[in-house]
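The values are calculated or read from the model by the stated rules, or taken from the named source; none is laboratory data. Because the structure is a prediction, the values reported are computed rather than measured. Counting neighbours? That spans all protein chains shown, and the Cβs are built from the backbone with ideal geometry, glycine included.
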Amino acid sequence: MAARKACESFSKSLLEEVHRWGCLKQTGVSLRYMMEFGSKRTDKNSLISAQFLHKELAIRIARRAMELENLPYGLSLKPAILKVRDWYMDSFRDLRAFPEIRDMTYEREFTDMIKAIKVRHNNVVPTMALGVQQLKKGMDPKIDYEDLDEIHQFLDRFYMSRIGIRMLIGQHLELHNPNPQPHVVGYIHTKMSPVEVARNASEDARAICCREYGSAPDVHIYGDPDFTFPYVAAHLHLMVFELVKNSLRAVQERFIDSDKVAPPVRLIVADGIEDVTIKVSDEGGGIARSGLPKIFTYLYSTAKNPLDEHSEFGIGDNVTMAGYGYGIPISRLYARYFGGDLQIISMEGYGPDVMGTYKET
Ligand SMILES: Nc1ncnc2c1ncn2[C@@H]1O[C@H](COP(=O)(O)OP(=O)(O)O)[C@@H](O)[C@H]1O
Ligand SMILES: [Mg+2]
């Protein structure tokens, strides 16, 4: 019923246009290109960037709107997914309704519009999680949700595309930033120190752990603080934050009733010739072999699900210690976005090594 209502609110011609645009080829943009282009803040560059995004965002957003319409197991009909689809349709409509960007007056208006699009899509991840949760709850208990590969692959593609869209919008907005910071081009920090980012992210994770458990194990960081490479600090922060939170939780749960001092979480930053690798190790007992195939699926968690307490996400998913089951799969996407990856080797009964690799450009 809800599905029909949502479809009816979009005209047939808009739906046809979405399909036409969704089939066009999208253009990949590398970190290096974004870095070089974004460092020249001229009107000419802003104009070129806006003209490119006018088409590119429409293609990328149309493709996602199409996908949201055709999800398996009836996921497309879940109320939260319909809400997300509405956001994509509205943004597509805004982009298509915008006239050709001929000069800087149009350019400035366009910039305001895509800024609003970015805000509109702020809560996509938690809302999608809610939709998947709605599916999981209503599913035949004989079906193992973690085996629904199509859904996990769709979510991987979907979130990956979202990272790209937000990155492109963020880079464009930065061309208008009146006070650019040194060594920062939009989201990219051209001299990012992974040790420094890891230190901040670990402190944030420890603060959440203290709030939840009253104390937090130490995090020992090894690596050269002066080593830097160009990367998106916010992405690395998010990944380390998620991995360290997982380790702190495992150690805390294992040692909470013990008289032994909780062993520290160890974080090693290694700068190789081609890759930068960050390894997080803990002695929290590891992941059971039966759980290992599931940890890259969305919603797999051994913690209590905060969704059961809040019917709607109001707080944002990054302020909780655990329970959404998104930390690991999302961290892997961020690592993969620029050609890296995330791997987990678990020694059951001891603790896992979680390794993220990040490509140097
Ligand atoms: N370092 C770790 N030690 C033990 N178990 C872990 C570790 N990291 C992840 N896990 C397991 O993987 C699950 C999924 O992790 P994640 O995707 O971050 O979701 P969440 O933390 O919300 O549960 C956790 O619930 C936990 O069971
Ligand atoms: Mg987690």
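Couple of notes before you dig in:
- For segment 202-219, the criterion of being in a strand (DSSP E or B), touching a Leu at 6+ places or on another chain (Cβ under 7 Å), outside the structural domain of His121 (by the TED database) and within 28 Å of Val251 (Cβ to Cβ) is met by at least one residue.
- Index of the failed condition, Ala129 passing every other in (1) surrounded by 21 or more Cβ atoms within 10 Å (Cβ to Cβ); (2) within 22 Å of Gly22 (Cβ to Cβ); (3) of a type in the set (Gly, Ala, Ser): (2)
- Whichever residue in segment 329-352 is among the polar types (S, T, N, Q) and at pLDDT 90 or above and, among such residues, is surrounded by the fewest Cβ atoms within 10 Å (Cβ to Cβ): Gln343
- Among residues of segment 30-56 that are on the phi < 0 side of the Ramachandran plot, those with a Cβ under 8 angstrom from a residue that is surrounded by fewer than 16 Cβ atoms within 10 Å (Cβ to Cβ) and assigned to a helix (DSSP H, G or I), sequence gap 6+ or separate chain, pair up as Phe37/Asn45; Asp43/Met104; Ser46/Met104; Leu47/Met104.
- Applying the criterion of being surrounded by fewer than 17 Cβ atoms within 10 Å (Cβ to Cβ), modelled with pLDDT of 80 or more and among the polar types (S, T, N, Q) to the residues of segment 289-319, the residue that is nearest to ligand 2 (Cβ to nearest atom) is Thr302.
- The condition of being over 24 Å from the mean Cα position of the chain (by Cα) and either buried (at least 17 other Cβ atoms within 10 Å of the Cβ) or not in a helix (DSSP H, G or I) (or both) holds for only one of Arg93, Arg108, Arg85, that being Arg93.
- Among (1) among the charged types (D, E, K, R); (2) modelled with pLDDT of 90 or more; (3) over 30 Å from Lys44 (Cβ atoms) - the single one Arg120 does not satisfy: (3)
- Filtered residue count, segment 184-197, keeping only those that are in a loop (DSSP other than H, G, I, E, B) and either under 12 Å from Gly38 (Cβ atoms) or at pLDDT below 90 (or both): 2
- Residue in segment 353-360 that is of a type outside the set (D, E, K, R), in contact with a helix residue (DSSP H, G or I) (Cβ under 6 Å, 6 or more places away or on another chain), away from ligand 2 (no atom under 13 Å from the Cβ) and at pLDDT 85 or above present: yes
- Matching residues, segment 244-268, being touching a strand residue (DSSP E or B) at 6+ places or on another chain (Cβ under 8 Å) and surrounded by fewer than 21 Cβ atoms within 10 Å (Cβ to Cβ): Pro264, Arg266, Ile268
- Qualifying residue in segment 143-151 (condition: among the β-branched types (Val, Ile, Thr) and closer than 16 Å to Ala62 by Cα): no
- Among the residues here, Lys294 qualifies as in contact with a Phe, Trp or Tyr (Cβ under 6 Å, 6 or more places away or on another chain), of a type outside the set (Ser, Thr, Tyr) and within 9 Å of ligand 1 (Cβ to nearest atom).
- Some residue of segment 143-161 being more than 21 Å from Leu68 (Cβ to Cβ) and not in a helix (DSSP H, G or I): yes
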